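The values are calculated or read from the model by the stated rules, or taken from the named source; none is laboratory data. Because the structure is a prediction, the values reported are computed rather than measured. Note: ideal-geometry Cβ built from the backbone for every residue, glycine included; neighbour counts use all protein chains shown. Remember, those area values only see protein heavy atoms, side chains included, never the ligands or the DNA or RNA. Shrake-Rupley method; radii C 1.70, N 1.55, O 1.52, S 1.80 Å.
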Amino acid sequence: MSTTPLRLLLIEDSEDDALILLRELRRGGFSVDATRVETSEELERALDAGPWDVVIADYALPHFDGLSAFSQVQRRGLDVPFLIVSGSIGEDTAVAAMKAGVHDFLLKDRLARLAPAVTRELREARVRAERRKMQEQLMLSERLSSLGMLAASVAHEINNPMASLIMNLRFVVDGMPEQSVAEDGMLALQEAIECSERIRDILQDIKVFSRPDEQSLGPTDLHRVLDSSLRMARNHIFHRAHLIKDYREVPRVHGSDARLGQIFLNLIINAAQAIPEGHRDEHELRVTTCREVGGGIRVEIRDTGAGIPPEQHERIFEPFFTTKPQGVGTGLGLSICRRLITEMGGSIGVESAPGQGSAFWVRLREAGLQVPAPAGKPEHLRSGLRVLVVDDEVQVGNALKRSLGRRYDVIALDRAREALELIAAGRRFDAILCDLMMPEMTGPQFHEALSRLVPEQAQRVTFMTGGAFTSEARAFLASTQNRCVDKPLDMKRLVPLLEAAPDSSASDLVPA
């Protein structure tokens, strides 16, 4: 007959009574590891030495009592089954104890129900623990969702001025002969561009990570996602280890930027935190990608940290299991990683031993549909393209007009209705750049109105977004065939999009 292990904290001054209680529990199928205490001070020390599966207390002791002991346990915030036993006690006292929160009250001459009572309370304690974990997970999800919305909103607000800043810096540098400015001045401008582009990359990373559950699965650039995750984790890595990227040539994988980014960011931060600070020259964090012989793509994140015992290799993927100090982790990260990877048709595992570091590997499916790389800069740029810019941020419109105006015929407007009036009056454009989020008339509303007015012109709209953080905007982007580019705009990618616009036929042109 199998027995159930039970860590028992027994508050009892009578050794004979204690032996009777232990006998009943063993008779009921428990393998009891008991500690007996008689005073408040001894109880405090025993609670420090916990955890305990159950606490059983005599109602009356020479210098202590069961209700006082229960209050002491409650002050610790412990949800542990607490039962009181007594030789003789009135019904009113028993009822008062149960109302105070004691889980059961038994008489010493009726201990036959002790083992069933302990079994019941252990089961109910497990149910309460699972409920708390679910509530904690729900609260965490809500906090992350709120944080994601805030991050997307902040990124959107920063992206517009950053777009203007980068384009204006580029406009100055590209239009200025090097000999017309001091060497230090040109160097300062180039460094300003590099710093602003780094901020642009960080903003793009924030947008990727802000709403991981709202991206559909499809062909995904694995190395781009890894680079984004590494940038986000830079501060965790820099003071602990040298970063080594061993990227092999791999195809696109089945997934999404946001979900894969969340997975890799979690694994990278875990790897960094396994390495002590202050010994950077002694440690490395290596990220490797490669094709697997049997098919699929493998990503490996290897650290030279403390390592993980073999018996924990599976447990670390269980919800709420954590090896980190209290308050450092929730124990949800790896379980969420496994769930997300499984949903994408992949798998995850770990190879590790104490003192030998850890290697977490992720196996992903190769994407069924390969997306061609964006076209590079055309050999011969077309002059005279008619470009309409619609953006409620005047600075962004002005910067685009300056940057594109050297080669193209650009009109910049800050009101979508004014753009519609212009097109209704007969003006036609080869390309239209329209902001997605505008206060008076949004980009989707502008597109809908333009589709009714001049459908051919609506097909030429390319949307610009600093972060589509409303459900309506996200739904529109998911359904439209029009292209969308992110702010701050990368002119090296924008120009080929404009150059790819078909020439307006003569029948399209209506004199203004």
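Going by what's in this entry, would Val55 be described as within 28 Å of Glu130 (Cβ to Cβ), open to solvent by less than 50 Å² (accessible area, probe 1.4 Å) and within 50 Å of the chain's Cα centre (by Cα)? Yes; evaluated as a whole, the condition is true for this residue. Criterion applied to Gly307, Gly294 was being modelled with pLDDT under 95, in a loop (DSSP other than H, G, I, E, B) and in contact with a Ser or Thr (Cβ under 8 Å, 6 or more places away or on another chain), and the one residue passing it is Gly307. The single condition among (1) at pLDDT 90 or above; (2) in contact with a Lys or Arg (Cβ under 8 Å, 6 or more places away or on another chain) that Ser383 does not meet is (1).
This table checks each residue for (1) open to solvent by 80 Å² or more (accessible area, probe 1.4 Å); (2) at pLDDT 90 or above; (3) touching a helix residue (DSSP H, G or I) at 6+ places or on another chain (Cβ under 9 Å); (4) not in a loop (DSSP other than H, G, I, E, B).
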{"site": "Phe320", "(1), (2), (3), (4)": "no, no, yes, no"}
{"site": "Val328", "(1), (2), (3), (4)": "yes, no, yes, no"}
{"site": "Leu334", "(1), (2), (3), (4)": "no, no, yes, yes"}
{"site": "Gln370", "(1), (2), (3), (4)": "yes, no, no, no"}
{"site": "Pro374", "(1), (2), (3), (4)": "yes, no, yes, no"}
{"site": "Val389", "(1), (2), (3), (4)": "no, yes, yes, yes"}
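The helices (runs of 4 or more DSSP H) falling completely within the stretch 401-488 that include 3 or more residues that are more than 27 Å from Ile206 (Cα to Cα) and open to solvent by 10 Å² or more (accessible area, probe 1.4 Å) map to 416-424, 443-453.
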